[in-house]
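The values are calculated or read from the model by the stated rules, or taken from the named source; none is laboratory data. Just so you know, these numbers come straight off a predicted model, no measurement behind them. Cβ coordinates were reconstructed from backbone atoms using ideal geometry, including for glycine residues, and neighbour counts include every protein chain displayed.
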């Protein structure tokens, strides 16, 4: 189910961007992903990522903050998330993903 979910390029891009931000902030807001797709399309992909256990969403007022469930995934599937992220980094340009140099600094 996890690999099937990650087979979609938009969901892979979401996971990749969340992983790239982990060392700065472990959460990103919905608006941080608007470059990937429209709001309703993103809502669908966020739901799929939550259903398969890749992501958690925290609601704060009108904002939704997403983060990876890295600890849970690493416990259940050791090394899987790192392998997926490493592979996605090789295709970052094709998938229109931000690279490590594009990571948003928390201020």
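Mind checking which residues of region 11-26 are crowded, with 18+ Cβ neighbours inside 10 Å and under 22 Å from residue 63 (Cβ atoms)? Write out each step before concluding.
Kept after step one, since they are crowded, with 18+ Cβ neighbours inside 10 Å, are these residues of region 11-26: 11-21.
Listed by number, the residues that qualify are 11, 13, 14, 15, 16, 17, 18, 19, 20, 21.
As an exercise: evaluate residue 73 against (1) touching a strand residue (DSSP E or B) at 6+ places or on another chain (Cβ under 9 Å); (2) over 17 Å from residue 89 (Cβ atoms) and give the number of the one condition it does not meet.
The single condition residue 73 does not satisfy is (1).
If the requirement is being loosely packed, with under 13 Cβ neighbours inside 10 Å, more than 17 Å from residue 7 (Cβ to Cβ), out of contact with any strand residue (DSSP E or B) (no Cβ under 9 Å at 6 or more places or on another chain) and at pLDDT below 85, which of these qualifies: 101, 87?
Working: 87 fails: more than 17 Å from residue 7 (Cβ to Cβ).
Step by step, each of 101, 87 is checked, and only 101 is loosely packed, with under 13 Cβ neighbours inside 10 Å, more than 17 Å from residue 7 (Cβ to Cβ), out of contact with any strand residue (DSSP E or B) (no Cβ under 9 Å at 6 or more places or on another chain) and at pLDDT below 85.
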